[in-house]
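Down below is the structure, laid out as structure tokens.
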Amino acid sequence: MEVQTPLAMERRPTRWRMAVFRILAAVFALGSFAALDGFIELLLPFTRSESYLPYELHWHGGVHGALIGLLLGGSLVMLLFRPAAGPAVLRFYILGHGVFLVALAITDWNLYVKKLFVTGMFAVVCLSLYAAYPYRDQVFRSSGETRTPSRPVALLTAAAAAALLPLIWRGISNQWAGLDDEFRWGENSALYLNLIMAGFFAAGRSRDSVRLGILTGIVYLYLAAAALTIPHHAGSLGTWGGIASAAVGAGYILLSARRDQG
């Protein structure tokens, strides 16, 4: 008689557990796009309407949409459709929220304390997803990481990081200077830090590194479109930055797609 170990059982999830995880992923993805305004703020760089935010803040709105909607919400959409291929995606999703909270605490401690409920909300979301994930033994372990690391993706990420570091510092220093009473400048830094982390994940050995690479490329392409639409807004990457972001985004997508075929 064959005895199933806990690890073997973990790799053969029951239908109800898979269903619970998918329901949670769908609900939290919807929350990222709707309740946390990820979708509506994604559109702001491409409209002059001031019904939601003043026009001069539309770049910052786009940054919020890129981080909360595209990058983190998009991670949940990938997990929703292919949970078995997503341990590193869930790892990135959890760590991405950690980066957001650390950036908020470092750049504006008073605002962090004032919005302490955000920490609690993110903790509930991440812990719920981790607890329900059918393959959680693989989330923070190297098991199942079978791909060969991609040097081209790693080099692309290193180059992008070198270009983003001054922008990360600009966001931190402007938030410290009190140029905004919300987390707009600091959120710029949080987005760029998460993009760097996503890039290195995309270069890694995990089975879902290709998917993270494509998602990262999509976010860079979005930032390129936003920057070229409103190049003179405060915080915008500008025309040349938008062109560079488009090149980086295309690079991630092409390298990841090629890696997937290899």
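Could you list, in sequence order, all residues of region 92-102 that are of a type outside the set (S, T, Y), open to solvent by less than 40 Å² (accessible area, probe 1.4 Å) and farther than 18 Å from G171 by Cα? Scanning region 92-102 gives F92, I94.
Consider L80 carefully, then state whether it is aliphatic (A, V, I, L, M), open to solvent by 10 Å² or more (accessible area, probe 1.4 Å) and over 14 Å from the mean Cα position of the chain (by Cα). Spell out the reasoning first.
Working: aliphatic (A, V, I, L, M): yes; open to solvent by 10 Å² or more (accessible area, probe 1.4 Å): yes; over 14 Å from the mean Cα position of the chain (by Cα): yes.
Taking the combined requirement at face value, the residue satisfies it.
The helices (runs of 4 or more DSSP H) found wholly in region 1-120 and carrying at least 3 residues that are touching an Asp or Glu at 6+ places or on another chain (Cβ under 8 Å) occupy 58-64, 87-107. Taking region 29-62 as the range and being surrounded by 24 or more Cβ atoms within 10 Å (Cβ to Cβ), of a type outside the set (S, T, N, Q) and within 30 Å of A84 (Cα to Cα) as the test, only G38 passes.
Yes or no: R184 charged (D, E, K, R) and crowded, with 21+ Cβ neighbours inside 10 Å?
Criteria met by R184.
Suppose we keep only residues that are aliphatic (A, V, I, L, M) and either assigned to a loop (DSSP other than H, G, I, E, B) or open to solvent by less than 10 Å² (accessible area, probe 1.4 Å) (or both) within region 214-262. Which one would you say is nearest to V153 (Cα to Cα)?
V219
Does region 192-199 include one or more residues that are open to solvent by 30 Å² or more (accessible area, probe 1.4 Å) and modelled with pLDDT of 95 or more? So far as region 192-199 goes, yes, one or more of its residues are open to solvent by 30 Å² or more (accessible area, probe 1.4 Å) and modelled with pLDDT of 95 or more.
Would you point out which residue out of R207, R211 is under 23 Å from A154 (Cβ atoms), in a loop (DSSP other than H, G, I, E, B) and either open to solvent by less than 10 Å² (accessible area, probe 1.4 Å) or out of contact with any strand residue (DSSP E or B) (no Cβ under 9 Å at 6 or more places or on another chain) (or both)?
Working: R211 fails: in a loop (DSSP other than H, G, I, E, B).
Checking each option against the conditions leaves just R207.
Taking the listed residues A85, A19, the one that is small (G, A, S), out of contact with any Leu (no Cβ under 6 Å at 6 or more places or on another chain) and either free of Cβ contacts under 8 Å to residues at least 24 places away in the same chain or open to solvent by 40 Å² or more (accessible area, probe 1.4 Å) (or both) is A19, with no other qualifying.
The values are calculated or read from the model by the stated rules, or taken from the named source; none is laboratory data. Note that the structure is predicted; figures quoted are calculated from it, not measured. Note that each Cβ is placed from the backbone with ideal geometry, even for glycine, and that neighbours are counted across all protein chains shown. With ligands, DNA and RNA removed, areas are computed over all heavy atoms of the protein, side chains included. Shrake-Rupley method; radii C 1.70, N 1.55, O 1.52, S 1.80 Å.
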